[in-house]
Amino acid sequence: MLFAAGSALDHVMDAFDLHILDEFVHLSIPLPNYHGYGLSKYSLLMLLAGGLILWIYLPLAKKIQTGAAPTGLFWNLFEFILTFIRDYVAKPYIGEHADEYVHYLWTAFLFVLTCNLLGMIPWLGSPTASFTITSVLAASVFVFIHAMSIMRFGVWNHLKAFAPHLELPIFMKVPILMMLWPIEFGGLMLKCFVLSVRLFANMFAGHIVLGTILLFIPMVKNTGLALESTVTFASVAGVLALSFLELFVAFLQAFLFAFLTALFLGGVLEHAEHAAHGHEHNHHPDPADAGPDDAHLHAKSESSGHAH
Amino acid sequence: MRQLGLSLVLLLGVASAALAAADAGHGPPPGPLDLRYDTAIWAIVVFVGLLLILRAKAWGPILEGLKKREETIRSSLEAAEKTRAEMEKIRADFQKELKEAHQQIPALMEEARRDAESMANDMRAKAAADIQGERERLRHEVEIAKDQAIKEIWEQAAQLATLISAKALGRSLTEDDHRRLLDEAMQEMTHVTRN
């Protein structure tokens, strides 16, 4: 059989050695580490992902800077990714100042997407199947949202963005706000945490499912040619089919990450702006609940979260 | 923007320190759910580094290019729209002129016909006048020629009469007789012709 038992799951785990072609030549390249701390496989893959993005977009930037019409598959494809995020994610959900924040969305989307897609290449893996890495990404979203809001509206207005506007007498308003403000602030924190869990769970679970299906093959080892060939065929066909799903999920999760970041940022910025310019506009009581679009997206993300 | 990058690095550093504190520090292989200090540092370095490099070298120029292109497209569309409107106006003017010209054609034709008619009439009248003049002149000449001829006839008739009368009388009259006779005859003749 192709796989030794357990090795299929090893492919979705972080490690301190690279197994390239190990099913055939048992080639193991050790990575530098000190007592289990150092450059792990996923760290190396993150570097690879970053390098790939730079390799693609640095030359492309020079072409796009000219303002000329895009030509060729390379230019059109990679520019489309950027214009898609800018026109369908940043502009509708952040508003007129979207171009100031689209840098982060582009970087986050491309980094998550590349990390997700690296898992589709044999012997590599998805760094986004590590909770540490998705947590760092989600933490960067949290920091980014606060930093942008503070830079634009100042600390006080930013903090006021988390205080719902209440038409109540002051003696009732103060204690209620003292209870509500931590909840609102913690709500954003929780949303970012869920962002990390969603990405991690989708990427990790997808690989686990693929690995598990492949593990059926060693399970039927030495049970006769008929069963072995049937199970092998069914497993390989199943993995092939689910790999297409994985490919789709890789794009979907990267999109959702960027989309939700834009949504959360847009919500906080809107409320900070209300705090800065008075309450002349309609006020949403919940800073992170930015209306029907938000609810719609939550339904969408939750359903995709249960995809695996 | 530089301060933004710095603040991001600092805050992510704090976040990663918190992650590291949560890490129990066990050896490999790292589990997928473990919060690992080293992996977090790598993730921060790679992601923030990527963000800063792309922001400086790629996203800025790309955004600039995209805006430039949008501007080009917008201005091209506006120019095309303007040209189209101008063409439409020129076409409408031309159509109007053409229509006016069409309307003028019958009037022009009528005028030309009138001109031709009056010219023909003038020519006809002039020709008629010419002919009339010529006729008058000819009649006058004929009149003169006739008078001349009559005068010559009278003279010759007088001579002839003198000759005949001389022969008949058988004698020569004097010159004065002749003259007297002739004058009498002439007066008689004239008198007769006048009557």
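The values are calculated or read from the model by the stated rules, or taken from the named source; none is laboratory data. Just so it is clear, the structure is predicted and the values come from calculations on it, not from any experiment. All Cβ positions, glycine included, derive from the backbone under ideal geometry; neighbour counts span all protein chains shown.
Summary table below
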read-out: Lone qualifier among A:Met172, A:Met189, A:Met219, A:Met178 - being under 25 Å from A:Phe111 (Cα atoms) and aliphatic (A, V, I, L, M); value: A:Met189
read-out: Residue within segment A:147-164 that is among the small types (Gly, Ala, Ser), surrounded by 13 or more Cβ atoms within 10 Å (Cβ to Cβ) and free of Cβ contacts under 8 Å to residues at least 12 places away in the same chain present; value: yes
read-out: Filtered residue count, segment A:43-52, keeping only those that are more than 7 Å from chain B (Cβ to nearest Cβ) and either among the small types (Gly, Ala, Ser) or surrounded by 23 or more Cβ atoms within 10 Å (Cβ to Cβ) (or both); value: 3
read-out: Residue check, B:Lys99 in contact with a Leu (Cβ under 9 Å, 6 or more places away or on another chain) and either surrounded by 13 or more Cβ atoms within 10 Å (Cβ to Cβ) or of a type outside the set (Asp, Glu) (or both); value: no
read-out: Residue within segment B:41-58 that is within 60 Å of the chain's Cα centre (by Cα), at pLDDT 90 or above and either among the basic types (Lys, Arg) or over 18 Å from A:Phe142 (Cα atoms) (or both) present; value: yes
read-out: Condition met for A:Phe216 (modelled with pLDDT of 90 or more and either more than 30 Å from A:Ser140 (Cβ to Cβ) or not hydroxyl-bearing (Ser, Thr, Tyr) (or both)); value: no
read-out: Residue satisfying condition, being of a type in the set (A, V, I, L, M), surrounded by 20 or more Cβ atoms within 10 Å (Cβ to Cβ) and at pLDDT 90 or above, within set A:Leu210, A:Leu195; value: A:Leu195
read-out: Candidate set: segment A:53-81, residues that are of a type in the set (A, V, I, L, M, F, W, C) and surrounded by fewer than 15 Cβ atoms within 10 Å (Cβ to Cβ); chosen: the one nearest to the other protein chains (Cβ to nearest Cβ); value: A:Leu58
